[in-house]
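S.K.: Next up is a structure, given as structure tokens.
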């Protein structure tokens, strides 16, 4: 019974936990609560403290996009790809952003780079399938969608 009470106290305490002093972790917390602008502000602090933190640049880009700041989101993804050219996630996010902007050639370039770096990237294969559909390349679209679905265990 003593352990149950102690465990319950930890759960209750965690519900009222103070925000993290680590701006990256605080940004993640705010992001999970869909507080995009506040999360972006924390990720800005994180990249100021650690300018080479690729994950923080990517998170900043996503938060900026979700808050409606597409140009700044693009800059964050470009910086992440510049810092770590082998980051499939950075290239995927660049490709996805260009896909949303209806720039299929740019989107395709970055998404193909993402799947070259990480062949088991179902979201990238799916987006490549979407581009192929837009360009009336049914066979290629089907192949890309199959690759995407084959990598999703659910």
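S.K.: What tally of residues in segment 129-154 results from selecting those that are without any contact (Cβ under 8 Å) to a residue 24 or more places away in the chain, in a helix (DSSP H, G or I) and surrounded by 13 or more Cβ atoms within 10 Å (Cβ to Cβ)?
M.R.: Qualifying residue count for the region: 9.
S.K.: Of the residues 126, 102, which is in contact (Cβ under 8 Å) with a residue 12 or more places away in the chain and over 29 Å from residue 22 (Cα atoms)? Break it down into steps so the answer makes sense when it comes.
M.R.: Working: 102 fails: in contact (Cβ under 8 Å) with a residue 12 or more places away in the chain.
One residue alone meets the criteria, 126.
S.K.: Same structure again: If you check 61, 129, which single one turns out to be at negative phi, in contact with a helix residue (DSSP H, G or I) (Cβ under 8 Å, 6 or more places away or on another chain) and assigned by TED's automatic domain parsing to the domain that holds residue 41?
M.R.: Values: 129 fails: assigned by TED's automatic domain parsing to the domain that holds residue 41.
From the options 61, 129, the qualifying one is 61.
The values are calculated or read from the model by the stated rules, or taken from the named source; none is laboratory data. Because the structure is a prediction, the values reported are computed rather than measured. Here Cβ is always computed from backbone atoms with ideal geometry, including for glycine, and neighbour counts include all displayed protein chains.
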